[in-house]
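Student: Input: one structure, supplied below.
Values quoted throughout were computed directly from the atomic coordinates according to the rules given, and no laboratory measurement underlies them. Please read these numbers as outputs of a predicted model, since none were measured by experiment. Virtual Cβ from ideal backbone geometry, glycine too; neighbours counted across all protein chains shown.
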Amino acid sequence: MAAYLARRLLAAVPLLLGTTVICFLLLHLAPGDPLSGRLDPRLRPADLARARRDLGLDRPLPVRYVKWLTGVLRGDLGTSLRFRRPVAQLVAERLGPTAALALAAEAVALAVGVPLGVLAAVHRGTWADHLASLGALAGLSVPPFLFGLVLLRTFALQGGWLPTGGMVTPGLHLRGAAWLADVLRHMLLPALVLGVMSAGAVMRYMRASLLDVLQQDYVRTARAKGLAERVVLYRHALRGALLPVITLLGLSLPDLAGGAVITETLFQWPGLGRLGYTALLERDYPLQMAFLLLTATLTILGNLLADAGYALADPRVRLE
Amino acid sequence: MNAVLRRLVAAAGLVLLLAFLAGALTGGGGRLRPTPAAPGPAALRPSGRPDPEAAPARRPLDGGVLNLALYAAPRGLFHPLLAEDAYDGAVLGLVFRGLLTRGPQLEWQPELARSFTISPDLRTITFQLRPDVRWHDGRPFTARDVAFTLRTLLHPRFPGLQASGYLAIQGAPAYHQGQAPDIAGIRVLGDHEVAITLEEPYAPILEALAVPIIPEHVFAGVPPERMAEHPATARPIGTGPFRFVRYVADQYVELERNPFFYRGRPPIARVIYRLVSQDMAAAQLLAGEVDYMLARPEDLDLLGDRGGVVVHETPGWGYQFVGVNHRHPWLGDRRVRQALMYAIDRQSMVDQLLAGHGTVVNGPVLPGSWAYDPARLNPYPYDPGQARRLLAAAGFRPGRDGWLEKDGQRFEISLRYPGGNKVRELSAPLIQANLQQVGVKVNLEMLEFTTLSRLVFEENRFDLFLLAWAMAPDPDPGPIFLPDNKWGRATGWNHPENTALLQQGVRRMKRGERRPVYAAWNRLLNAELPYLFLYSQNEIEVASLRLQGLRPDGRGLLWNIHELWLDRAPARLR
């Protein structure tokens, strides 16, 4: 399996390179540049032209791409045009909060989705199945901002039990365990919103896949051996049935990094989503490219993790 | 592998799609120039509690944290000469001070200056500085800081983009182009005296000279092009009532009081600019988590009837307009533009979209300005009949399908507008419906902000567009109606009297002498209609009743923040 993973990682290099070329071209095809959106009458054309030259925007695209790539290879992602700070710093500041929220959301998705899926599959066709399926449909179809607003209204504004936004209480400067508790309190609602969204999908996948597995020969064999239904279900069937769920989680890795713009905005979570969104609006090319590089890497990594997860969960899968 | 690549391309496509959808969610107005102060007649509506003036005077309580709502993350560029948006600007406003500030009538008053005099030829302004001002690090503030600030922003390699406002200073253009080592028009006459000499009189220079002053001893020797990376840009040192403590990225900015502030130690111990979602701010104010916010008209539904907040409303300095492409063979005809103006029901935009929190505007000089003169201005009341008559006079006849026609061609034009400002987005279909009433077919095209800016100002490809300008209280509009630059050139409009009037207006210094010039200019634009002027939205500030000592006027609620104090017990109102 190690050899397989190494091969896959090696193959990812040209893939990433190709992605950066395509993304670089696409991003620069969007009309305007970082200075076109600056509607400030104080700006004179001469000043704008000078600023464009200073930013290197007057050079041909291939030259700019090569300059960007050589920078990246030397570990320099460039300087953000909007923030005038190194891109790597900006991304690094937000990586921790993003990862924490993403992990918490996945935990919620699994903790809610898997048991509900199992319940629905085992009691297929009963009221429990219908109720769980209805819940999953609701989780998938309720817009996150609406769900978020309802949670905020109930728990933060009316109840006063949880903070209305942010990652820490402003101005307290807590450390250690007190800081962690403060962050967890702030994280609860956004993690719930993101987690419940994907819990619906996890539940549907889990149910369908478990129903499928329960029809398989090896499950029938296990039952024929006279094993208790619990052992058949949890030791034999569940492991095989988890495969699609693992794929789902692996592939949602890049979404969690950048796809939480709405939730981040509503809860004022200092994550990457809003940073990437700002970069797009303002044509902040170095920041956009760093963001796309990160998303592409996570996508490749997510696929790889999903494949490795297959091998771990299903004894029939061997990665060569 | 193929599948992965497909997903990646799809992801990239999605990201791009998001970029275009993005316009639908944010952006817009916030990018325009921040308005330094609010104007004119102010309406204070303290609800529920007795008027603070009438209550027995209480001694200010000391201490407490004031939480201000901020709707978008600052860039973290806390350098007054580099800051480019209103969010950094809000923070800088408490940390830095300039030579001048606006008084209750929005006239210029000395701030870091003790007094200032203008020479009889109107070309030299001499500032006597306060001797008691110290920087937040304890060093004294002197005239050399003033000269350093002006030289920095005019430096040929300085990346800030505000130099244009200062080119009236003698010797500034040559210095800005790197052809002179120094600026003759800036003279330090002593530790506390500095004189600025202009090439010729230029009234808006006072606005420019109100720029926040930066400390020479901190930035001396730093190459101007590298100032953005200097530690004092991330942790600024100013002379204002509050000192910078920290900015936690995308979370909050923390300030503490400057105990040595020259107007006295502020009672409020700390100010926190808290990032909040605009949809949540009103509820957070009621919950006591935020003490001050800028409100939208719809927020007042939640806030207004609770009787537990102070609402302060001032006319805004910005105005919304329909930009017109005068190169278009039909739109270049003045009668057609006037017809469109009569056909658009602007009052119902203010009544319905702004719930009355705004004013219809008929020219670029706004009703709240000292330069405003309503005499002989055409108010263009909503009158579709008049619009039809004007269009008929311009040669348009209804075609077989009901739309107007001329020379066998249908009157069909596009209206391009940026997403982001919800009120503006809603006004576009109203304009479309209004113009349909008189037989003009309008096709709506909502675009992302940057895309629109490029089409309008760089390529001049449009028939009509919607946008707003945020102006300073000075009636001089800067270059936006002058044909010598890309802002003024966008519409393709020019008029021989226009440039002459604008030049006259800036060469006079006294309000009384400038007023007739701007009145005449406003009448010219009211008749010629380079833009179809729409409305100006009021600025609505809301504060919690915890905040005491408010003396609201045209400058807003927080202009005397160094005197304000906080009541104990953050009231939870619900």
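Student: Bins of 10 Å, beginning at zero and ending with the bin holding the largest distance: percent of Cα pairs per bin for chain A, please.
Tutor: Cα pair-distance distribution for chain A, in percent: 5, 20, 25, 24, 16, 7, 2, 1, 0.
Student: With springs only between Cα atoms under 10 Å, which of A:Thr265, A:Thr247, A:Thr169 fluctuates most in a Gaussian network model of chain A?
Tutor: Taking springs between Cα atoms under 10 Å, the residue moving most is A:Thr169.
Student: Considering all projection directions equally, how large on average is the shadow of the alpha-carbon convex hull of region B:372-464, in square nanometres?
Tutor: 8.3
Student: Scaled to the compact-protein estimate 2.2 N^0.38 Å, what is the alpha-carbon radius of gyration of region A:225-320, rounded to two decimal places? Spell out each step's value before the answer.
Tutor: Values: Rg = 19.1 Å, N = 96, 2.2 N^0.38 = 12.5 Å.
So region A:225-320 has a normalised radius of gyration of 1.53.
Student: With no solvent and one point per C-alpha, what does the Debye sum give as log10 I(q)/I(0) for region B:286-357 at q = 0.12, 0.18, 0.24, 0.27 Å⁻¹?
Tutor: Calculated log10 I(q)/I(0) at the listed q: -0.55, -0.84, -1.16, -1.28.
Student: Further question: Compute the FRET efficiency between B:Arg334 and B:Ile118 as 1/(1 + (r/R0)^6), taking r as their Cβ-Cβ distance and R0 = 51 Å, and round to the nearest 0.05.
Tutor: Working: r = 40 Å, r/R0 = 0.78.
After rounding to 0.05, the efficiency reads 0.80.
Student: Provide the FRET efficiency to the nearest 0.05 for the B:Ala355-A:Ala11 pair, computing r from the beta carbons and using R0 = 51 Å.
Tutor: Numbers: r = 59 Å, r/R0 = 1.17.
After rounding, the FRET efficiency stands at 0.30.
Student: Still on this model: Between A:Arg64 and A:Leu137, what is 0.36 nm times their sequence separation minus the Cα-Cα distance? Round to one decimal in nm. Mind dumping the intermediate values first?
Tutor: Details: separation 73, 0.36 × 73 = 26.28 nm, distance 4.69 nm.
Fully extending the segment from A:Arg64 to A:Leu137 adds 21.6 nm.
Student: Now for a separate question. A:Ala311 versus B:Val222, label points 7 Å from Cα toward the beta carbon: distance in nm?
Tutor: 5.3
Student: With the alpha-carbon atoms as the only input, what is the per residue convex hull volume for region A:134-248 in Å³?
Tutor: Cα-based convex hull of region A:134-248, divided per residue, equals 155 Å³.
Student: While we're looking at this one, here's another question. Label 7 Å along Cα→Cβ of B:Arg265; region B:95-139 residues with amide nitrogen under 19 Å?
Tutor: Under 19 Å, as judged by backbone N against the label point of B:Arg265, lie B:132-139 of region B:95-139.
Student: A further question follows. Compute the Kirkwood hydrodynamic radius of chain B, taking the inverse of the mean of 1/r over all pairs of distinct Cα atoms, and give it in Å to one decimal.
Tutor: Values: mean 1/r = 0.0387 Å⁻¹.
Computed over chain B, the radius equals 25.9 Å.
Student: At a Förster radius of 30 Å, what calculated FRET efficiency corresponds to the Cβ-Cβ distance of B:Arg134 and A:Ala92, to the nearest 0.05? Each step should come with its number before you reach the end.
Tutor: Details: r = 37 Å, r/R0 = 1.22.
The computed FRET efficiency comes out at 0.25.
Student: Post the alpha-carbon centroid distance, region B:280-359 to region B:430-500, in whole angstrom.
Tutor: If we compute the Cα centre of each part, the gap is 18 Å.
Student: While we're on this one: Per residue, what volume in Å³ does the Cα convex hull of region A:115-162 take up?
Tutor: Values: hull volume 4.2 nm³, N = 48.
With only Cα atoms used, region A:115-162 gives 87 Å³ per residue.
Student: Which whole-number value in Å³ per residue fits the convex hull of the alpha carbons of region B:90-247? Before the final figure, lay out each step's value.
Tutor: Working: hull volume 18.7 nm³, N = 158.
So the per-residue Cα hull volume is 118 Å³.
Student: Could I ask something else about it? Per DSSP helix of 4 or more residues, -39500 (n - 2.57); summed, then divided by the residues of chain B. What does that give at 222 nm, rounded to the nearest 500?
Tutor: Values: 16 runs with 147 residues, N = 574.
Computed mean residue ellipticity for chain B: -7500 deg cm²/dmol.
Student: Where Rh denotes the Kirkwood radius from the mean inverse Cα pair distance, what is Rg over Rh for region A:1-125?
Tutor: Using Cα coordinates only, the ratio equals 1.17.
Student: What are the trypsin sites (Lys or Arg not before Pro) within region B:89-192 that DSSP puts in a loop, where the Cβ has at most 13 other Cβ atoms within 10 Å?
Tutor: On the way: sites: B:Arg97, B:Arg102, B:Arg114, B:Arg123, B:Arg134, B:Arg144, B:Arg151, B:Arg157, B:Arg187; in loops: B:Arg97, B:Arg123, B:Arg157.
Loop-located and lightly packed - B:Arg157.
Student: Where in region A:172-202 does the label zone of A:Thr154 land, with the point 7 angstrom along Cα→C-beta and an amide N cut-off under 15 Å?
Tutor: Under cut-off, by backbone N: A:188-197.
Student: Which number do you get for Rg(Cα) / (2.2 N^0.38 Å) in the protein assembly as shown?
Tutor: Working: Rg = 30.6 Å, N = 894, 2.2 N^0.38 = 29.1 Å.
Scaled against compact globular proteins, the figure is 1.05.
Student: Also: Between A:Leu25 and A:Leu172, what length comes free when the chain is fully extended (0.36 nm per residue of separation minus the Cα-Cα distance, one decimal in nm)? The partial results should precede the final answer.
Tutor: On the way: separation 147, 0.36 × 147 = 52.92 nm, distance 4.51 nm.
Computed gain between A:Leu25 and A:Leu172 is 48.4 nm.
Student: Once you keep just the Cα pairs under 8 angstrom separated by 6 or more residues, what percentage relative contact order results for chain B?
Tutor: After rounding, I find 23 percent.
Student: Next question. Cut-off 10 angstrom, C-alpha nodes, Gaussian network model of chain A. Which of A:Gly271, A:Gly302, A:Gly75 fluctuates the most?
Tutor: Among A:Gly271, A:Gly302, A:Gly75, the largest GNM mean-square fluctuation belongs to A:Gly75.
Student: Additional query: Just the Kirkwood number for region B:195-261, please: inverse of mean 1/r across all distinct Cα pairs, in Å, one decimal. Could you put the intermediate results ahead of the total?
Tutor: Working: mean 1/r = 0.0676 Å⁻¹.
Taking every pair of different Cα atoms in region B:195-261, averaging 1/r and inverting gives 14.8 Å.
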